[in-house]
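The values are calculated or read from the model by the stated rules, or taken from the named source; none is laboratory data. Since the model is a prediction, treat every value here as computed from it, not as a measurement. Cβ placement follows ideal geometry from the backbone for every residue including glycine, while neighbour counts extend to all protein chains displayed.
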Amino acid sequence: MRKIHVIGIGAGDPDQLTLQAVKALKSTDVFFILDKGAEKDDLVQLRRDLLGAHRADGAFRVVEAPDPARDREAGGADYSPAVVDWRSRRADIYERMIADELGADECGAFLVWGDPALYDSTLGILEEVLGRGAVAFSYDVVPGISSVSSLAAKHRTGLNRVARPVQITTGRRLADGGFPEGVDDVVVMLDAHQAFRQYQGGVGGDMYIYWGAYIGTADEILVSGPLDEAAPRIEALRAEARERKGWIMDTYLLRRNLG
């Protein structure tokens with residue numbers, strides 16, 4: 001039967017691959033990669049660099065397909081249907097690649113940024129493909145070092161404080177729902193609109209932010225400090241980086257001062 005590895009490859013630094021991930025890479029015959037277009041070509045190149053470093057034998061194939069566009073303007077009640085539609089179109093591509101490019105006794109792999117279990121769609125899409133029943137395969141999951149873990153490590157801080165919870169959420173949820181009740185440490189991902197700005201000026205209490213973009217890569221940018229002081233710098237650096245590269249991957253820990 002066909003087999004699939006879903007391999008977490010960390011936040012960008014090739015040294016973040018675990019020994020388990022390297023072992024999975026070495027047992028793979030076909031690597032599946034979705035191409036996100038010219039402006040994000042360096043993301044594909046990072047994957048190729050990983051393969052060059054850990055599969056010098058070259059005894060594998062790389063199968064690429066264009067990643068379907070997602071309606072990023074959809075909001076409110078339209079957001080979830082837009083994501084479901086995008087994932088379904090991705091499932092069409094996964095199904096076709098596995099059926100057409102992976103032999104009956106071969107092993108394929110999807111290389112996932114960070115950790116496959118944290119804000120990534122690969123596992124859900126593979127389950128959708130299996131549920132359709134058109135192609136059969138087994139799969140396993142190799143955990144990776146997430147951008148959240150990398151962010152905390154780069155800033156030399158913990159994600160939570162003594163006897164206190166930490167919550168991971170999205171920029172959209174933070175903007176719509178406010179700071180989670182009973183939580184003073186919030187990790188925010190997928191924030192295209194810098195929702196932290198609504199807490200400047202002492203709104204919700206004094207805040208401290210640990211922010212990072214392109215973590216683990218040569219383009220890494222890190223900023224930390226009291227929110228009122230750091231926010232303008234983050235906005236300027238973020239705008240410049242996005243203009244220069246055409247895309248940005250960033251995350252941050254927003255921490256309420258407990259006094």
Among (1) touching a helix residue (DSSP H, G or I) at 6+ places or on another chain (Cβ under 7 Å); (2) buried (at least 18 other Cβ atoms within 10 Å of the Cβ); (3) charged (D, E, K, R), D120 falls short only on (1)
Number of positions in segment 99-155 that are part of a helix (DSSP H, G or I), touching a strand residue (DSSP E or B) at 6+ places or on another chain (Cβ under 6 Å) and β-branched (V, I, T) | 2
Counted residues, segment 202-231 - those being assigned to a loop (DSSP other than H, G, I, E, B) and closer than 30 Å to D42 by Cα | 7
Is it true that some residue in segment 3-18 is of a type outside the set (A, V, I, L, M, F, W, C), buried (at least 17 other Cβ atoms within 10 Å of the Cβ) and on the phi > 0 side of the Ramachandran plot?
-> yes
Counting only residues in segment 21-47 that are touching a residue at least 12 places away in the same chain (Cβ under 8 Å) and loosely packed, with under 14 Cβ neighbours inside 10 Å, the one farthest from E106 (Cα to Cα) is identified as E39
Conditions (1) in contact with a strand residue (DSSP E or B) (Cβ under 9 Å, 6 or more places away or on another chain); (2) at pLDDT below 90; (3) charged (D, E, K, R); number of the one not met by D49 | (1)
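Table: residues versus (1) closer than 26 Å to D115 by Cα; (2) in contact (Cβ under 8 Å) with a residue 40 or more places away in the chain.
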position	(1), (2)
Q194	yes, yes
I209	yes, yes
I221	yes, no
E229	no, no
Please verify whether segment 156-171 includes one or more residues that are outside the structural domain of V84 (by TED's automatic domain parsing), part of a strand (DSSP E or B) and touching a residue at least 40 places away in the same chain (Cβ under 8 Å).
-> yes
Name the single residue, out of those in segment 249-259 being buried (at least 18 other Cβ atoms within 10 Å of the Cβ) and hydrophobic (A, V, I, L, M, F, W, C), that is nearest to D41 (Cα to Cα).
-> M249
Reported set for segment 1-46 where residues are at pLDDT below 85, outside any strand (DSSP E or B) and either of a type in the set (S, T, N, Q) or closer than 26 Å to D100 by Cβ (or both) is K36, G37, A38, K40, D41, L43, V44, Q45, L46
